[in-house]
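Below is one structure, written out as structure tokens; comments come after it.
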Amino acid sequence: MGIRLSKEAIGQSESFLDFQEKLSRVAPVERPVLLVGERGTGKELGAKRLHFLSNRWDGPFITLNCATLSPSLIESELFGHEKGAFTGAERKSAGRFELADGGTLFLDEVGSIPLEAQGKILRAVEYGFFERVGGERAVEVDVRIVCATNTDLVAMAERGLFKKDLLDRLSFEVLFLPPLRYRAEDVMLLGHYFGSRMSYELGRNGVISFSQETVKALKNHSWPGNIRELKNVVERAVYQADAGTITTLVFDPFISPFTGLAGDGHTMDRAREEPSIAKRILLSAVDASQTLKATLREVEIAMIKNALELHRHNRKNAAQHLGLSSDQLRGKIRKYGEVFF
């Protein structure tokens, strides 16, 4: 299986290559695409690749992180405003839809958009025109929409928090970015890439390498922050290393070296050290006073809870993590009943 190396994406795992293939297939199709993935999986990189593989590659690629804007500002950012439309609007301003005319508009964290603005987006996507805030004249644009989210938009739509019509319109194709824990073959490939780049940035000569212990640690880590977390860990290790071989990794830079000392300033440290409920059950499960059957029951419950917690209660992914089928996991949850409900 070949390795794909490019400015946008690096990987050789089956899940990564499958995602890239689906991305390439839908790129030339003039329809909206929804990218779904956990934080740090590279949704914006995927959107850029989609744009440059499309027939709009020479047009603008405009982005908007919808989570960073207040509900009162998002309509103006998206559609622009006329002079005097609101206090402080001293001149006419174009919004992201206008700026993206002839190209691609990438809406990150699309689930954060308030309902009022969702209706206006639906009209713009459906009919290709809109009015600026405070304006009456229709502005016509030719824009391809690519959206991204790490939330369950279907569940939001069921609760009335996201317009079903807009979700239908935005989801011509839905592509799921694989988390790094499903890309085991890519961890060291990415690690060497980020390490070499950081070494070059620091003006160092020589090849970056990892000790056996650090390779094992990188491969065994669950990477809840995905590629962004891996990049931080590796770059931090390269900058702190005195030689070309990485022997020390810091996965959590917020753990204080002063934890446990007297005083009131260590609440954060103690909280970060406190294991989850499921982990505490697992740690206490091996009790000499219990029977083997009871101990195994506690361990099994704890492992299931940890898997569900790790995968945000996505049972399909939790089952894969545990090496079970979805039916087997469902049966075990039913077996232990009240523990999970």
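Testing the spin-label approximation: label points 7 Å from Cα along Cα→Cβ at F52 and F258. State their distance in nm.
In this crude spin-label approximation the distance works out to 4.6 nm.
For V29 paired with H192, estimate the spin-label separation in nm (one decimal), with each label point 7 Å from Cα along the Cα-to-Cβ line.
It works out to 3.6 nm between the two label points.
Arrange S326, S112 by Cβ neighbour counts within 10 Å, fewest through most, would you?
Values: S326 13, S112 16.
Going from sparsest to densest Cβ surroundings: S326, S112.
Rounded to the nearest 0.05, what FRET efficiency do Y182 and R330 have when you use their Cβ-Cβ distance and R0 = 22 Å? Write down the numbers at each step before the final one.
Numbers: r = 21 Å, r/R0 = 0.96.
The formula returns an efficiency of 0.55 here.
Once the piece of chain linking Q320 and K164 is laid out straight, how much longer is it, given 0.36 nm per residue of separation minus the C-alpha distance between them? Provide the component values of the computation, followed by the final result.
Working: separation 156, 0.36 × 156 = 56.16 nm, distance 3.02 nm.
Full extension of this stretch gives 53.1 nm more.
For I246, which sequence-distant residues (separation of 5 or more, or a different chain) have an amide H within less than 5 Å of its own amide H, given hydrogens modelled in the peptide plane?
S209, F210, S211
Kindly state, to the nearest 0.05, the FRET efficiency for A155 paired with R228, given R0 = 25 Å and r defined as their beta-carbon distance.
On the way: r = 25 Å, r/R0 = 0.99.
In this case the efficiency is close to 0.50.
Give me the extension gain from E126 to L296: residue separation times 0.36 nm, minus the current Cα-Cα distance, reported in nm with one decimal.
On the way: separation 170, 0.36 × 170 = 61.20 nm, distance 5.60 nm.
My answer for the length gained is 55.6 nm.
Between R312 and H221, what is the label-to-label distance in nm when each label sits 7 Å out along the Cα-to-Cβ direction?
Those two pseudo-labels are separated by 2.0 nm.
Once the piece of chain linking D242 and L115 is laid out straight, how much longer is it, given 0.36 nm per residue of separation minus the C-alpha distance between them? Please list the in-between numbers first.
Details: separation 127, 0.36 × 127 = 45.72 nm, distance 5.30 nm.
Between D242 and L115, full extension yields 40.4 nm more.
Laboratory data are not the source of any read-out in this text; all were calculated from the coordinates shown. If you're wondering where the values come from, they're calculated on a predicted model, not measured in any experiment. Quick reminder, even Gly has a Cβ in these numbers, built from the backbone with ideal geometry, and neighbours come from all protein chains shown.
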